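The next block holds one structure in the form of structure tokens; read it before the comments.
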Amino acid sequence: MESIYDVVVIGGSYAGLQAALTLGRALRKVLVIDSGMPCNRQTPHSHNFLTQDGETPAGIAAKARLQLSAYHTVSVLNDYVVNTVTDQGAFMVKTASGMELTARKLLFTTGLKDLMPAIKGFEACWGVSVIHCPY
């Protein structure tokens, strides 16, 4: 891993991957840290998403990661950020696996977390047969 990144993107779903693509095209050293647990992970198909209608969320993210691999200044790390602190104008990022990284900027693209009601079986059906999106 690089010693200092221009940007560490925390969250590697669509927003984080798009940010990394934009920054990579600008030749910035970027690290995307992603836990691999997007809120849409149970959704069988995406809809109303131009050029991706009917694709799986995981398939869309995999295609985005493949496209990012063309940019040598962008890396993706499957991990979870547990702490960030500032130190002399830089950000120190610590991950669950014990890695310590330095970044000039942080970009949080962690999205949201759905709060499930305490109804037996609800969470298992979320995004499959309990639909939160009209499309």
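The values are calculated or read from the model by the stated rules, or taken from the named source; none is laboratory data. In this text the structure is predicted, and so the values were computed from the model without any measurement. Cβ sites come from the backbone with ideal geometry, for glycine too, and all protein chains shown count toward neighbours.
Out of Thr51, Thr43, which single residue is of a type in the set (Val, Ile, Thr), more than 16 Å from Phe91 (Cβ to Cβ), assigned to a loop (DSSP other than H, G, I, E, B) and in contact with a helix residue (DSSP H, G or I) (Cβ under 9 Å, 6 or more places away or on another chain)? Write out each step before concluding.
Numbers: Thr51 fails: in contact with a helix residue (DSSP H, G or I) (Cβ under 9 Å, 6 or more places away or on another chain).
Exactly one residue qualifies, and that residue is Thr43.
Let's see how each residue does on (1) among the hydroxyl-bearing types (Ser, Thr, Tyr); (2) at pLDDT 95 or above:
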site	(1), (2)
Gln52	no, no
Ala61	no, no
Leu68	no, yes
Tyr71	yes, yes
Asn83	no, yes
Val93	no, yes
Ala103	no, yes
Phe108	no, yes
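Is it the case that some residue within the range 72-88 is assigned to a helix (DSSP H, G or I) and within 18 Å of the chain's Cα centre (by Cα)?
No, every residue in the range 72-88 fails to be assigned to a helix (DSSP H, G or I) and within 18 Å of the chain's Cα centre (by Cα).
From the residues in the range 66-82 that are in contact with a helix residue (DSSP H, G or I) (Cβ under 7 Å, 6 or more places away or on another chain) and of a type outside the set (S, T, N, Q), which one is surrounded by the most Cβ atoms within 10 Å (Cβ to Cβ)?
Per the criteria, the residue is Val74.
Being part of a loop (DSSP other than H, G, I, E, B) and of a type in the set (Ser, Thr, Tyr) is the filter here; which residues of the range 12-40 pass it?
Within the range 12-40, the subset part of a loop (DSSP other than H, G, I, E, B) is 12-13, 26-29, 35-40.
Across the range 12-40, the qualifying residues are Ser13, Ser35.
Starting from the range 37-55, keep only residues that are exposed (fewer than 14 other Cβ atoms within 10 Å of the Cβ), then list their pairs with residues that are of a type in the set (Asp, Glu) and assigned to a loop (DSSP other than H, G, I, E, B) whose Cβ atoms are within a distance under 6 Å, requiring at least 6 positions of separation or different chains.
Close Cβ pairs satisfying both conditions: His47/Asp53.
Among (1) closer than 30 Å to Tyr5 by Cβ; (2) at pLDDT below 95; (3) of a type in the set (Gly, Ala, Ser), there is one condition Ser129 misses while meeting the rest; what is its number?
(1)
Mind checking which residues of the range 1-11 are exposed (fewer than 14 other Cβ atoms within 10 Å of the Cβ) and outside any loop (DSSP other than H, G, I, E, B)?
Residue satisfying the conditions is Ile4 alone.
Quick one: is Arg65 touching a strand residue (DSSP E or B) at 6+ places or on another chain (Cβ under 9 Å) and either of a type in the set (Asp, Glu) or assigned to a strand (DSSP E or B) (or both)? Before the answer, list the steps.
On the way: touching a strand residue (DSSP E or B) at 6+ places or on another chain (Cβ under 9 Å): yes; either of a type in the set (Asp, Glu) or assigned to a strand (DSSP E or B) (or both): no.
Answer is no for this residue.
Name the single residue that is farthest from Val32 (Cα to Cα) among those in the range 83-135 being surrounded by fewer than 10 Cβ atoms within 10 Å (Cβ to Cβ) and in contact with a Phe, Trp or Tyr (Cβ under 9 Å, 6 or more places away or on another chain).
Tyr135
Every residue in the range 89-129 that is closer than 17 Å to Gly11 by Cα and aliphatic (A, V, I, L, M), please.
Passing the criteria: Met92, Val93, Ala96, Met99, Leu101, Ala103, Leu106, Leu107, Leu112.
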